[in-house]
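Taking it in order: structure first as structure tokens, then the write-up.
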Amino acid sequence: MVLKVIEGFYYHLAVRGVNDDFMNLLNFKHHGGGLILGVNAPVVVGHGISKSSTIVKMIELCINSVKSKYCDHVAEAFSHVTAQNN
């Protein structure tokens, strides 16, 4: 959901001619996609109109999340929250 909000925000500002360094950080072409939380393996959601360079960025995001054990870190963080609430 956050990914789609950011894409929409970027699009509406770009259509109005707004262009600055911060806004360019929101351009999905620079990131490829967003990781989905709550799963046991990296899942990346991308934009349906992604070009090959953006798809490469999505693959790189998956590779980096596996190497960094991102899913393990998220699961551990949630386990601490769950343990505190019980």
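I'd like the Karplus ³J(HN,Hα) series for region 49-61: coefficients 6.51, -1.76, 1.60, θ = phi - 60°, whole numbers in Hz, and an x wherever there's a Gly or Pro. Per residue, the Karplus-derived 3J(HN,Hα) values read 9, 4, 8, 4, 5, 6, 5, 4, 5, 5, 5, 4, 4 Hz.
When the chain is fully extended, how far beyond the present Cα-Cα distance does ALA83 get from ILE59, taking 0.36 nm per residue of separation? If you can, show how the numbers build up before the last one.
Numbers: separation 24, 0.36 × 24 = 8.64 nm, distance 3.36 nm.
Computed gain between ALA83 and ILE59 is 5.3 nm.
For the chain, the share of accessible area belonging to carbon and sulfur comes to 63 percent (1.4 Å probe, ligands and nucleic acids excluded). Note on LYS57: aspartates and glutamates with a C-alpha under 17 Å away, same-chain residues under 8 apart excluded, are GLU7.
Quick one: accessible area per residue over the chain, 1.4 Å probe, rounded to a whole number of Å²?
Details: 6520 Å² over 86 residues.
Accessible area per residue, the chain: 76 Å².
Restricting the trypsin sites (Lys or Arg not before Pro) of region 20-75 to loop positions (DSSP other than H, G, I, E, B) with no more than 15 neighbouring Cβ atoms within 10 Å leaves LYS51, LYS69. With only the Cα atoms considered, the chain has a convex hull volume of 122 Å³ per residue.
The values are calculated or read from the model by the stated rules, or taken from the named source; none is laboratory data. A quick note: this is a predicted structure, and the numbers were derived from the prediction, not measured. Because the Cβ atoms are built from the backbone with ideal geometry, glycine has one as well, and the counts that use them run over all protein chains shown. Keep in mind that these areas ignore ligands, DNA and RNA; they rest on the heavy atoms of the full protein, side chains included. Shrake-Rupley method; radii C 1.70, N 1.55, O 1.52, S 1.80 Å.
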